[in-house]
Amino acid sequence: MGYELVAAVDLGSNSFRLQVGRVVDDQIYPLDSLKEPVRLAAGLTAQKTLDGPSQLRALEALARFGERLRGFDAGAVRAVATNALRVAKNAPQFLAQAEAALGFPIEIIAGREEARLIYLGVAHTLPNPRAQQLVVDIGGGSTEFIIGRDIQPIELESLYMGCVGFSLKYFPRGRIEKSGMKAAELAARKELEAIVRQYRKTGWEEAVGSSGTAKALADILELNGLSGAGEPGITRDGLERLRGILLHAGDVGRLTLQGLRADRLPVLPGGLAIMLAVFREFNLERMTFSEGALRLGVLYDLLGRYHHQDLRNATVQQFMRRYQVDANQAARVAATARGFLLQMLPEAVAEEHPDAQVLGWAAALHEIGISVAHSSYHKHSAYILANADMPGFSRMDQARLSRIVLAHRGKLERVQSIMADSPDWPMIFSLRLAAILHRARDDAPLPAITARRSERGFVVGVDPAWLAGSPLSAAALDEETRQWSGLGMEIRIKSGRGKSQAAA
């Protein structure tokens, strides 16, 4: 059964936003929204940690969002965090408090995943989505650049520059000086050098701005007559005239512009400098504005997942092709591992059960590291999964996949930091056991093997005759008892009536 209401929470570097939408015929219609000017990026210290006041502002905002989301099913809400929490060294500690305040899990997404979701949101609001679009989204801590057609992105990039960081660095205490503006524009142009050549080569027909900075600039230019008659949106001439107004004022506190909201005032100079650099480097004359943004993209992505168009599955298939995974072996291991998990966790029979999904992806990708080297391939697999761009997966998704794949063979001490009550352990156990049993990489039938949890670990039941005739597998199971014992856990191998091997 689908959800009538879905919600997205965007923990941006400047503002936190909540969007509630109603689902009608596979389309999402905005129903309610909340915005809190948290300015999280302004709370990043020189040591890249979030200071106390910024954390307090964030937690108070999330508590208000949490009240609005009471009664929502967990599957109908997705919360994502962007650049400020990508770079904050104390993000894990803060995240635990943030999730408690909101009442739902929060994903820290990578820059390119943020770009993909932004484009998905923008694409659903474009009047002519079949045209090739350049989408620019200037956020508080990063700026995303996408070229796409229809709902398919062609180029995705995220650069580490945003309106909060630039305003703090180049316009301290709200002072707007010519030297600061020049330095800010040059810094932004330097960042853009890394992508502009490829983007120009790919090309676009229309330029579109999304999110707060683009909206603020479009409103200011239009309401103050800076863009010229019949020129809605953002124009190069309008931006240059606005730059002149800011330099003449000399301080954000002296600006008197129609359409300039108080919460946008402190970050306007930084946002303007970045946009001026974008117009110059991409040789733009005009940019339209789209109401679609990250939170709308998150909602459509959520809808896509529900309708079995989960981008994560497509990403896994693409990775299997890219790294030339033995699909037959991956399928064998996945089926056997899933069988063990279902014995211990019957509710995982549901196709969309999160643990069943993660185990399936881990089994599909556990051998991608062989493309690097067969020796210690599980370490290569884990590294790729932790660090590659994987559309649809959050950073935490990737970290979890990486841990499980790292632990599927070899020394378990590498993942001993996993909490004892973590749901990852049954998946690690299932994947390790499946990998052992399918070492021959053939379709020879396996004996009936049972798996269950015990107070101290796991119990494996196996036919003693098969075990006696399979010395390699028997030795591997003996090694398993030693590996789990090293973590203070127990694996008991029951190979006959009243007989078992155990590791204390």
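The values are calculated or read from the model by the stated rules, or taken from the named source; none is laboratory data. Remember, predicted model here, so these are calculated numbers, not experimental data. Because the Cβ atoms are built from the backbone with ideal geometry, glycine has one as well, and the counts that use them run over all protein chains shown.
See the values below:
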quantity: Residue check for Gly304: touching a residue at least 40 places away in the same chain (Cβ under 8 Å), outside any strand (DSSP E or B) and under 33 Å from the mean Cα position of the chain (by Cα); calculated: no
quantity: Odd one out for Thr336, checked against (1) among the polar types (S, T, N, Q); (2) over 26 Å from Glu113 (Cβ atoms); (3) surrounded by fewer than 17 Cβ atoms within 10 Å (Cβ to Cβ); calculated: (3)
quantity: Helices (runs of 4 or more DSSP H) (entirely within region 412-504) containing at least 1 residues that are polar (S, T, N, Q) and in contact with a Leu (Cβ under 9 Å, 6 or more places away or on another chain); calculated: 424-437, 471-485
quantity: Failed condition for Glu413, given (1) out of contact with any Lys or Arg (no Cβ under 6 Å at 6 or more places or on another chain); (2) surrounded by fewer than 18 Cβ atoms within 10 Å (Cβ to Cβ); (3) outside the structural domain of Ala334 (by TED's automatic domain parsing); (4) touching a residue at least 24 places away in the same chain (Cβ under 8 Å); calculated: (3)
quantity: Among (1) out of contact with any strand residue (DSSP E or B) (no Cβ under 9 Å at 6 or more places or on another chain); (2) within 26 Å of Leu5 (Cβ to Cβ); (3) not aliphatic (A, V, I, L, M) - the single one Arg295 does not satisfy; calculated: (1)
quantity: Residues of region 149-201 satisfying the condition of being among the basic types (Lys, Arg), outside any helix (DSSP H, G or I) and in contact (Cβ under 8 Å) with a residue 40 or more places away in the chain; calculated: Arg175
quantity: Exclusive hit being under 23 Å from Ala476 (Cα atoms), free of Cβ contacts under 8 Å to residues at least 60 places away in the same chain and surrounded by fewer than 18 Cβ atoms within 10 Å (Cβ to Cβ), set Ala350, Ala382, Ala364, Ala373; calculated: Ala373
quantity: Output for region 117-133, where each listed residue is crowded, with 24+ Cβ neighbours inside 10 Å and at pLDDT 90 or above; calculated: Leu117, Ile118, Tyr119, Leu120, Gly121, Val122, Gln133
quantity: Extreme residue, farthest from the chain's Cα centre (by Cα), among residues of region 422-471 that are surrounded by 13 or more Cβ atoms within 10 Å (Cβ to Cβ) and small (Gly, Ala, Ser); calculated: Ser470
quantity: Restricting region 227-247 to residues that are closer than 22 Å to Glu291 by Cβ and small (Gly, Ala, Ser), the residue that is modelled with the highest pLDDT; calculated: Gly238
